[in-house]
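The values are calculated or read from the model by the stated rules, or taken from the named source; none is laboratory data. Predicted model only: the values in this text are computed from it and were never measured. Just so you know, the surface numbers come from the protein's heavy atoms only, side chains and all, with ligands and any DNA or RNA stripped out. Shrake-Rupley method; radii C 1.70, N 1.55, O 1.52, S 1.80 Å.
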Amino acid sequence: LETMARLDPAFRFHAVCESDGPDEAWTGLRGRLSLDILAQAVPDWAEREVFVCGPRPYMDAVRAMLRDAGFDMARHHEESFDFGALPEADKQAVVEASRALDTDAGAAPTVRTFRVEFAKTRRVLDCPEDATILDAARKAGIRLPSSCAKGLCGTCKSKVVKGTVAMTHAGGIRQREIDAGMALLCCSKPTSDLVIER
């Protein structure tokens with residue numbers, strides 16, 4: 001975030017720490033996020049879009065703080081890696097979508113399998129077309145860098161040297177990277193045999 005702030009003058013970064021580190025005293029904004037701290041860091045916060053990510057108690061506290069301050073909650077957005085905490089309406093939508101896909105349970109579809117080769121390590125695995133490359137690698141005992149496994153963080157980004165994938169990401173990769181042959185292995189399924197630069 002500090003690097004982004006240095007590279008883009010329109011991007012401002014303010015860290016707020018609860019306490020000092022064991023070897024370093026903190027001189028910036030201190031404490032838990034409050035309206036006072038928010039107003040110091042972003043004086044026009046009430047006119048902005050607010051994006052919140054963090055542990056559930058933190059996000060609940062920020063939501064309540066903004067709502068109590070009269071903030072337009074239509075401009076409040078949350079991101080969570082806790083998919084078990086989906087609102088009930090979203091959980092129901094997932095169940096209904098799953099039922100819709102399961103209309104023809106009697107006929108077992110044929111699943112194609114593709115060969116995936118990791119060029120640098122010379123490891124090879126078979127990946128079903130309905131599995132992500134990261135999942136297939138894990139099942140084959142191949143350890144690949146990953147974090148969120150949901151297409152958000154970009155940790156598993158890799159160059160596809162040969163072949164094609166179907167990728168459904170959540171923002172962890174830029175279009176210019178996709179154009180250059182990069183893919184997020186956590187949300188990419190093979191559509192052909194592959195060679196991956198790993």
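Across the accessible surface of region 1-79, with the other protein chains kept in place and a 1.4 Å probe, carbon and sulfur atoms take up 54 percent. At the residue level, M167 shows approximately 50 square angstrom of accessible surface with a 1.4 angstrom probe and all protein chains present. Taken over the chain, lysine pairs spaced eight or more positions apart, or on distinct chains, with alpha carbons under 24 Å apart number 17. Kirkwood-based Rg over Rh for the chain (C-alpha set), two decimals? Result: Rg/Rh = 1.06.
Note on T168: accessible area approximately 110 square angstrom, rounded to 10, probe 1.4 Å, nucleic acids and ligands left out.
On a per residue basis, the chain carries 68 Å² of accessible surface, using protein heavy atoms and a 1.4 Å probe. Surface composition of region 113-197: carbon plus sulfur atoms contribute 45% of the solvent-accessible area (1.4 Å probe, protein chains only, all chains present). Across all Cα atoms of region 113-197, the radius of gyration (one decimal) and Dmax (whole number) stand at 11.3, 31 Å. In this view, the solvent-accessible surface of V160, computed with a 1.4 Å probe and all protein chains in place, comes to about 20 Å². Of all beta bridges that DSSP places with both ends in the chain, some 65 percent have antiparallel geometry. For the residues D23, D130, a 1.4 Å probe over the protein chains yields an accessible-area ranking, largest first, of D23, D130.
Considering only alpha-carbon pairs that sit under 8 angstrom and 6 or more positions apart, the relative contact order computed for the chain is 15 percent.
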